[in-house]
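The next block holds one structure in the form of structure tokens; read it before the comments.
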Amino acid sequence: GGGAAAAMEDGEDLVSVDYEVSGKVQGVFFRKYTQGEAKRLGLVGWVQNTSHGTVQGQIQGPAARVQELQEWLRKIGSPQSRISRAEFSNEKKIKALEHKEFQIVK
């Protein structure tokens with residue numbers, strides 16, 4: 001089937017999940033690649049660098065797409081990144097998306 005719109009019509013659950021990725025993830029365009037991957041999957045949310053060297057944010061969208069981005073954050077990331085750990089928390093079903101797009105937060 002077609003893109004994100006098709007998934008929504010299937011009545012697929014929308015979920016929200018917070019994430020934090022550790023490793024060599026700052027200064028390697030990790031946020032830019034995360035935003036690109038999220039947009040490709042039709043997801044919304046945000047990503048930012050933290051003061052302690054990790055990248056964190058929130059993902060919202062159809063459950064299956066969110067899981068795809070979780071796998072991407074766990075294993076792939078940006079080309080020069082080295083991911084040591086990706087943690088996910090506060091996973092919950094939502095009735096509607098709380099973000100309009102996927103933003104890089106400074």
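Quick notes on this structure:
- Matching residues, the range 63-85, being of a type outside the set (Val, Ile, Thr), within 17 Å of GLU12 (Cα to Cα) and in contact (Cβ under 8 Å) with a residue 12 or more places away in the chain: ALA63, ALA64, ARG65, GLU68, LEU69
- Every condition in (1) within 17 Å of LEU14 (Cα to Cα); (2) open to solvent by 60 Å² or more (accessible area, probe 1.4 Å); (3) in contact (Cβ under 8 Å) with a residue 60 or more places away in the chain holds for LYS100 except the one numbered (3).
- The requirement of being crowded, with 16+ Cβ neighbours inside 10 Å, part of a loop (DSSP other than H, G, I, E, B) and over 13 Å from the mean Cα position of the chain (by Cα) is fulfilled nowhere in the range 83-94; no residue meets it.
- Any hit, the range 18-39, residues being among the aliphatic types (A, V, I, L, M), modelled with pLDDT of 95 or more and part of a loop (DSSP other than H, G, I, E, B): yes
- Sole exception among (1) within 19 Å of SER16 (Cβ to Cβ); (2) touching a Ser or Thr at 6+ places or on another chain (Cβ under 6 Å) for SER84, by number: (1)
- Qualifying residue in the range 64-73 (condition: open to solvent by less than 60 Å² (accessible area, probe 1.4 Å), part of a loop (DSSP other than H, G, I, E, B) and under 19 Å from SER22 (Cα atoms)): no
- Residues in the range 46-63 that are surrounded by 18 or more Cβ atoms within 10 Å (Cβ to Cβ) and assigned to a helix (DSSP H, G or I): none.
The values are calculated or read from the model by the stated rules, or taken from the named source; none is laboratory data. Predicted model, so just to flag it, every value in this text is computed and none were measured. Note that we place each Cβ from the backbone using ideal geometry, even for glycine, and neighbour counts take in every protein chain shown. Just the protein is used for accessible areas: all its heavy atoms, side chains included, with ligands, DNA and RNA removed. Shrake-Rupley method; radii C 1.70, N 1.55, O 1.52, S 1.80 Å.
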